[in-house]
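The next block holds one structure in the form of C-alpha cells; read it before the comments.
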Amino acid sequence: MIIVNNLKAILSELPAGIKLVCVSKNHSLNDILLIYNNGHKIFGENKVQELLDKHELLPKDIEWHFIGHLQTNKVKYIVPFVSLIHSVDSFTLLSEINRQAVKNGRIIDCLLQFHISEEETKYGLSFEEACEMLKFPSWHEIKNIRIKGVMGMATFTDNETRVSKEFKALHEIFIALKTGFFRDADEFKEISMGMSDDYRLAFKEGSTIVRIGTGIFGQRV
Ligand SMILES: *Cc1c(COP(=O)(O)O)cnc(C)c1O
C-alpha cells in the first residue's frame with residue numbers, strides 16, 4: 001500500500017486549511033480507488049479526454065479539478081461536472097466557460113493561471129494581462145463564474161531560492177488582485193501552488209491548495 005502510505009504522509013504534513021489535490025493523470029482507476037477508499041475525494045487531471053473517461057468510470061462523488069491547458073472547444077465536455085478549473089488564462093476561455101455554465105445551470109469555480117516560471121512553454125497570464133481582463137466592462141456580465149483565486153507553476157529546478165521567489169511573486173499577484181478587483185469577494189481566497197517537488201516551499205509562501213501527483217502515485221508511466 002505504498003500509495004496510501006504516501007497519501008497519509010503528505011496529509012500529515014499539510015498545514016491546517018490547505019487542500020490537497022491528488023493529481024491522477026496517467027494513473028490507473030485502481031490506484032485512484034485506493035486513494036478514494038481512504039476517504040480522499042479530490043483529484044486533478046490535465047487532459048479533457050482522460051478526465052471524461054475517469055469521471056464516467058469512477059464514483060460520482062469525486063471532486064474533479066481540471067489543472068491543464070483547456071481548449072475553448074472542449075470546455076463543454078467538462079462543465080457539467082467539474083469542481084474547479086485551475087487554468088483560466090484568457091477572457092475567451094472564461095466567456096466560454098460562462099456560456100456553458102449558463103447552459104448547464106451551474107456556477108463554475110475557476111482560478112486564474114499566472115505565468116510565474118522562467119520557462120517559455122508554460123501557459124498563464126501576466127499580472128498586466130489579468131488587470132486588462134478584469135478592467136474590461138463585459139467582465140461583469142459573466143455571472144456563472146466564480147473566480148476563487150490564482151494558480152501557478154514554478155520553474156522545474158532544484159534551485160529553492162528561485163522557486164520560493166516565484167511562489168512569493170504569485171502570492172503578491174493574489175494580494176494585488178484581491179485589493180484591486182476582489183475586495184468584496186469573500187470567495188477570492190485560493191492560491192494553488194506546490195507540486196511533489198516543491199510543496200513544502202509553497203506552504204511557506206502561503207499556498208492554500210497543493211497539487212501532488214508523483215509524490216503520491218509514484219512515477220507516471
Ligand atoms: C502534473 C501536474 C502536477 C503534479 O505534478 P507532480 O510533480 O507529479 O506532483 C501539478 N500541477 C499541474 C498543473 C500538473 O500538470
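The values are calculated or read from the model by the stated rules, or taken from the named source; none is laboratory data. Please read these numbers as outputs of a predicted model, since none were measured by experiment. Here the Cβ is made from the backbone with ideal geometry for all residues, glycine too, and neighbour counts use every protein chain on show. Ligands, DNA and RNA are excluded from the accessible area calculation, which covers all protein heavy atoms including side chains. Shrake-Rupley method; radii C 1.70, N 1.55, O 1.52, S 1.80 Å.
Search segment 4-30 for residues being β-branched (Val, Ile, Thr) and part of a helix (DSSP H, G or I), and hand back the single one that is surrounded by the most Cβ atoms within 10 Å (Cβ to Cβ). Only one residue fits best here, namely Ile10. Would you confirm, using the coordinates I've provided, whether Thr161 is part of a loop (DSSP other than H, G, I, E, B), open to solvent by 50 Å² or more (accessible area, probe 1.4 Å) and closer than 23 Å to Val210 by Cα? So Thr161 fails the test.
Here are Thr179, Thr157, Thr208: which of them is out of contact with any helix residue (DSSP H, G or I) (no Cβ under 9 Å at 6 or more places or on another chain), over 18 Å from Phe127 (Cβ atoms) and polar (S, T, N, Q)? When all the criteria are applied, what remains is Thr208.
With the condition kept exactly as written, say whether any residue in segment 213-221 is under 24 Å from Val82 (Cα atoms), away from the ligand (no atom under 15 Å from the Cβ) and crowded, with 23+ Cβ neighbours inside 10 Å. Looking through segment 213-221, none of the residues is under 24 Å from Val82 (Cα atoms), away from the ligand (no atom under 15 Å from the Cβ) and crowded, with 23+ Cβ neighbours inside 10 Å. Exactly one residue out of Phe188, Phe127, Phe136, Phe174 is away from the ligand (no atom under 16 Å from the Cβ) and free of Cβ contacts under 8 Å to residues at least 40 places away in the same chain, and it is Phe174. Here segment 64-87 is the region considered, the condition is being outside any helix (DSSP H, G or I) and away from the ligand (no atom under 16 Å from the Cβ), and the residue that is surrounded by the fewest Cβ atoms within 10 Å (Cβ to Cβ) is Pro80.
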